[in-house]
Amino acid sequence: MKKNNKFNELTKEEERVIIDGGTEMAFVGEFVDKKEVGDYLCKRCDAVLFESTAKFDSGTGWPSFDAAIENSVKYIKDVGSIEVRCANCDAHLGHVFYNESMTGKNARY
Ligand SMILES: [Zn+2]
């Protein structure tokens, strides 16, 4: 993985989510319904986190993936769930949920 210590500038709302671990409102994100082929990058440091082949429509209103690129994310035990952060810059990415039977990999990031 490419290491990058130069961070992108974030809007106040992006900071609230990415730095402070807030939650983006459901169904408002620009990537919710995106189906184009490509990589999904960390908004803060541009590390490659997810491939579009792992993206699926979870109906939750948030972009969902059933796998992260190996070693691109780290997992932090939260109350009742597991928080996912960028392994490079520590940006909050959301949570991962298992055993929902939404895809064969049985995981939802
Ligand atoms: Zn990052």
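Along the chain, the longest continuous region that contains none of the trypsin sites (Lys or Arg not before Pro) in a DSSP loop with at most 15 other C-beta atoms within 10 Å is 36-104. Per-residue Cβ neighbour counts within 10 Å put F56, F27, F65 in the sequence F27, F56, F65, beginning with the fewest. In plain terms, the chain is cut at each of the GluC sites (Glu not before Pro) found in a DSSP loop with at most 15 other Cβ atoms within 10 Å, and the longest leftover piece is 37-69. Label zone (S52, point 7 Å along Cα-to-C-beta; backbone nitrogen cut-off 20 Å) within the stretch 93-109: 109.
Helix content alone sets the calculated 222 nm mean residue ellipticity of the chain: runs of n ≥ 4 DSSP H residues at -39500 (n - 2.57) each, divided across all residues, give -1500 deg cm²/dmol. Close amide H partners of L93, meaning residues 5 or more places away or on another chain with modelled amide H under 5 Å apart, are V84, R85, C86.
Coordinate-derived values only; no laboratory data. Note that the coordinates shown come from a computational prediction; the quantities given were computed from them, not determined experimentally. Note that each Cβ is placed from the backbone with ideal geometry, even for glycine, and that neighbours are counted across all protein chains shown.
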